[in-house]
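Q: Here it is, the structure, as C-alpha cells.
The values are calculated or read from the model by the stated rules, or taken from the named source; none is laboratory data. This is a predicted model, so every value here is computed, not measured. All Cβ positions, even for glycine, are placed from backbone atoms using ideal geometry, and neighbour counts span all protein chains on display.
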C-alpha cells in the first residue's frame, strides 16, 4: 500500500510540475538574460555611484531601452522620442538647434545636453535637478513643452504592443510593463553611452600623437580650462556662473533647485567630449561656434555678477594663436567611433542572439578598450 | 488614473518573493527530473516539507490591526471639493486633494515593523485601511515616518506606492512630495484662487520627513483571530497653526523643497492624534 501511495504521490507531483511549466510558458520563451558587464575605460575614474548596481545591464535590457529611446509613442503626439532631441550622430544633443522642439510646435527653454558618460555624472540636467539616471526620463516625458505625455498613457500604449511584451519578458522575466521597468531599461541604454575613443584618448593610450597645434592647444587647455573641464571626463560636474546675462526665460539655473541665492545663474559645467558636434553652446544654446565661446571667456563675461565664478573674475586671457590652437585641441575630443556606433543608432530590433554576435564581441566593445 | 487613487500597500514588484521564485522557477522541475532515479526518496522529502509547513502554520497565532486615517477640519470630516472650511486665521478654503506618505510603521513592543521598502500612500479620495497582523498582546501606541526616507528619494525608479505615476514625485527636481494639499481659497492670490501645497525635500537641512509617535491613554489589546481598529485623525486645523502660522494669503503655491516646505513641516508633529480604538466583533 505504501508503494502505491508513494507512486500516486509522485505521479501527482509530476502532473503538478507539468502544469507549472505549462503555466510558465507564456509563448515568449524562457527567461535567460545575457549579462552585459559594464567596464570602465582605461584612465577613467571609478563612477561615484554605480548606476548598474541595482539595474544589472543585460543585452535584453539594453535593447529594450534602445527601442524605448527611439520610440515616439513616449510622447503625446507620437512624434517626439528621446532621440528627437538627443541625436546619436551629434553626441546625443539636438544638432544645430539652440532649443529643443516639443509637442504642439513648442520650444523648451534649454539646450539639450549631450548624453555622454552619464555613469560618471552624479546629477543630471543643466541645473542638476535630477538625482538619478533612472528618474530622468520622467521630466521630458511629462513636460508640456517636451513630450507632453502622462506616464500611465505611455504604459498603456506600450502594453498594446506584443513586441514590447516580448522584450519586457526577455529583460525582466515576465511581460508585465510598469514605470519602474521602463525607466530601468532606458537607463540601461543611456547609461551605456560611453565615449572614450577620441584622438585625445588614443594619444593618452600611446596609439596616436597630437599635431604641434593640438599639443600646444592641450597645454593651453590644461593651463586655462581644465580646472572646471577636468580630464578625462572634461567636466568636474560642478555648478558655476560663467558670466552670461540672465536670458529671456529668466532662467536662474541651480537656484531653482536649491532655493539658494548663492546658486543664482549657476549651471552645470558641460563635458567637452565631442564638443565639435554639440554646437550651439551654453544652457540656452545662444553661442553657435567654439570661437565665439572663447570670445565670451576672453571679452564678454559679466564680471559684476555677485555669483560669478571666482576663476573667471579676470576673464580668460588668450592670444589669437592660443585661441586657434585651443580649438584644434578641442576637435581631438571628437569620438567618431562613438558617433557612428551601430549599437547606439536607431534601427529595427535585432534578435538578441544576432546582436550578441555582431555587436557585443569583447573586441568590438567600447568600454573594453 | 487608477494609480492616483489607490492607497494600498504594494509589493515591490521587481523583487520576487523567495518562496514564489522557488515554486515557479525551473529549479523545482529540474529537481524532480534529477530525482527520477531515486524516486522513493521523494515522498519522504515532500511529506517532511508538508509536516514542516503545517507545524509553522500552527505556531502562528495572531490578531489583526486595521489602521484608518480620517481627515478633519473645524471638527468635521473633510469632504473633498464640496465643503468649505475656515483656518485659524479666518481664511476659508476647500480641499480637492489630500495625500501623504507613511513609512517605517511600527507598534512598539510587538516586534512588528514595516520593511524598509514598504510605503503607504494615504489618499483622502480613496481610503484604504492599513492592515497588519500582530501577535496578541497589549500595546500603547504606534509610530511611523510621515514621508519618504532619503534613500528612497535618490535611488532611481521605485514601484508600488512610490511609483512616480502616483503623482507624488517632482520630475524636474527629483524627490517625493510627502504631503500634498490642494484646493482653493478666496485668500489665495494664485491663478483661480488655487492652493497647491506640495511639501517635500530630503537633502540635509531641507529634509522634512517627520517621525510621528502616537501613544494611547490606555493600552489597547490585540486578540487572537480578532481585528482591532485604530482611527488616526489628520487634523488640518493643526496644519495651518502649530509651531508656525501657515496663512494661505502668505503663500498658496508651495512646490519646492526648501524654506516654505520646512515651515509647513514644522507643524507635522502635531497633525495626528489617535481618535478611537475599537475591537471588531
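Q: Go through segment A:51-67 and give me each residue that's outside any loop (DSSP other than H, G, I, E, B) and away from chain B (no Cβ under 13 Å). Please lay out each step first, then the result.
A: Looking only at segment A:51-67, we keep the residues that are outside any loop (DSSP other than H, G, I, E, B), and these are A:58-67.
Correct list: A:58, A:59, A:60, A:62, A:63, A:64, A:66, A:67.
Q: While we're looking at this one, here's another question. Taking the criterion of being assigned to a strand (DSSP E or B) and within 14 Å of chain A (Cβ to nearest Cβ), would at least one residue in segment B:163-170 satisfy it?
A: The first filter runs over segment B:163-170 and keeps only residues assigned to a strand (DSSP E or B), leaving B:169.
Narrowing the set further to residues that are within 14 Å of chain A (Cβ to nearest Cβ) leaves B:169.
Taking every residue of segment B:163-170 in turn, at least one turns out to be assigned to a strand (DSSP E or B) and within 14 Å of chain A (Cβ to nearest Cβ).
Q: Among the listed residues B:85, B:112, B:101, which satisfies the condition of being more than 14 Å from chain A (Cβ to nearest Cβ), at pLDDT 95 or above and farther than 16 Å from residue B:271 by Cα? Show your work before the answer.
A: Details: B:112 fails: at pLDDT 95 or above; B:101 fails: farther than 16 Å from residue B:271 by Cα.
Exactly one of B:85, B:112, B:101 is more than 14 Å from chain A (Cβ to nearest Cβ), at pLDDT 95 or above and farther than 16 Å from residue B:271 by Cα, namely B:85.
The rows are residues; the columns are (1) touching a strand residue (DSSP E or B) at 6+ places or on another chain (Cβ under 9 Å); (2) away from chain B (no Cβ under 14 Å); (3) part of a helix (DSSP H, G or I); (4) buried (at least 20 other Cβ atoms within 10 Å of the Cβ).
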{"residue": "A:256", "(1), (2), (3), (4)": "no, no, yes, no"}
{"residue": "A:262", "(1), (2), (3), (4)": "no, no, yes, no"}
{"residue": "A:273", "(1), (2), (3), (4)": "no, yes, no, yes"}
{"residue": "A:279", "(1), (2), (3), (4)": "yes, yes, no, yes"}
{"residue": "A:292", "(1), (2), (3), (4)": "yes, yes, yes, no"}
{"residue": "A:299", "(1), (2), (3), (4)": "no, yes, yes, no"}
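Q: Where in segment B:175-281 are there strands (runs of 3 or more DSSP E), lying fully within it, with 2 or more residues that are within 28 Å of residue B:66 (Cβ to Cβ) and more than 14 Å from chain A (Cβ to nearest Cβ)?
A: On the way: elements: B:177-184, B:194-200, B:210-222, B:227-235, B:272-280.
By residue number, B:177-184, B:210-222, B:227-235, B:272-280.
Q: Where residues in segment A:69-114 are within 19 Å of the chain's Cα centre (by Cα) and part of a strand (DSSP E or B), which of them is nearest to residue A:237 (Cα to Cα)?
A: Per the criteria, the residue is A:93.
Q: Taking segment A:313-353 on its own, how many of its residues are at pLDDT 95 or above, in a helix (DSSP H, G or I) and in contact with a helix residue (DSSP H, G or I) (Cβ under 7 Å, 6 or more places away or on another chain)?
A: 10
Q: Taking the conditions exactly as written (crowded, with 18+ Cβ neighbours inside 10 Å and touching a helix residue (DSSP H, G or I) at 6+ places or on another chain (Cβ under 7 Å)), does residue A:209 satisfy them or not? If you could, list the steps in order and put the result at the bottom.
A: Values: crowded, with 18+ Cβ neighbours inside 10 Å: no; touching a helix residue (DSSP H, G or I) at 6+ places or on another chain (Cβ under 7 Å): yes.
No.
Q: Can you tell me which condition residue B:175 does not meet? The list is (1) closer than 24 Å to residue B:279 by Cα; (2) in contact with a helix residue (DSSP H, G or I) (Cβ under 9 Å, 6 or more places away or on another chain), and all the others hold.
A: (1)
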